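Right, one structure below, let's go through it.
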Amino acid sequence: MKNLSLSAGAVLVLSLGLVACGNSAPGLPTPDPAGLTNTVSGTISGWTAGTGTIEAQARPTPSDASTYVTLSSAPVAASGQFSLTLPTAQAVAPYLNTFQQTPRSGCTGVFTQSVTTARQFGISTYGLKKADGSVVGYLFQNNPDMGSTLKVGDDYIVRIHADQDFTATGTLACPNNSITLKLNLKKGWNAAVNTVDAVDSAGKSISGTIKTVSTLPASKF
């Protein structure tokens, strides 16, 4: 089970506040059909907490768990198996936002959307709780050889809900982190790959690329 804290830098899609019909930008692949579903399922590696619950959450303030909102949930068996239906369009509607398309103070670059008004909501980790409601940690769907400290080349799957078809590209670079987007999103849920491009001395991701791919890489929970 990958139980990294949110400050470990693996939530760049959230930490930078990624605040008619879109056309595919040149070079962006058609998304993997396996990623265009509203269900996430598997077996949690190293799960020893007995029966529990997995949650898809909105995190208005990523550093403050008291603000987290459960949008959908599913039981986790004692074996670690689960099948989670991702939140409905209605559930995510209050949390939809556009990517950063205007300059941000202290940063360089912006993202370009093929539809400037298109909005999205991303989930990069899932909340895990024991049967008594106590928090176990946060689950990633990451590359099979990811260790306890992030390294360059690690990747994990991000689920992105789009309110319509659109693409998003570009790099936003701020003093402590940067994100490059290469996204071809379809209306509804999409699976994208967030790859760690650089880490600091503490193993925190400080640069990443989030992209849609035609075939999702091998991963584990």
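Some notes on this structure:
- Relative to the current alpha-carbon distance between Arg104 and Thr149, full extension at 0.36 nm per residue lengthens the span by 13.2 nm.
- Positive-end extreme of charge dipole, region 69-221 - chosen from Thr116, Thr102, Gly147 (charges on Cβ): Thr116
- Read-out Cα extents along the principal axes in Å, derived from the coordinates shown; its label in (i) 46, 39, 33; (ii) 111, 27, 21; (iii) 123, 34, 31: (i)
- Two-site FRET efficiency, Val135 against Thr51, from Cβ-Cβ distance with R₀ of 25 Å, rounded to 0.05: 0.95
- Inter-label distance for Ala78 and Ser214, nm, one decimal - labels placed 7 Å from Cα along Cα-to-Cβ: 4.6
- Segments 127-134, 49-56 sorted - mean Cβ within 10 Å per residue, highest first: 49-56, 127-134
- Lysines whose Cα lies under 27 Å from that of Lys211, excluding same-chain neighbours fewer than 8 positions away: Lys2, Lys151, Lys182, Lys186, Lys187, Lys220
- Solvent exposure of the chain as accessible area per residue, Å², 1.4 Å probe: 43
- Assigned charges on the beta-carbon of Lys, Arg, Asp, Glu; the chain dipole about Cα centre (debye): 120
- If the segment from Thr67 to Ser41 were pulled out straight at 0.36 nm per residue, it would be longer than the present Cα-Cα gap by 6.8 nm.
- Estimated from the Cβ-Cβ distance and a Förster radius of 22 angstrom, the FRET efficiency linking Thr112 and Gln90 is about 0.15.
The values are calculated or read from the model by the stated rules, or taken from the named source; none is laboratory data. This structure is a prediction, so every number in the text was calculated from the model and none was measured. Cβ sites come from the backbone with ideal geometry, for glycine too, and all protein chains shown count toward neighbours. Only protein heavy atoms, including side chains, enter the accessible area calculation; ligands, DNA and RNA are left aside. Shrake-Rupley method; radii C 1.70, N 1.55, O 1.52, S 1.80 Å.
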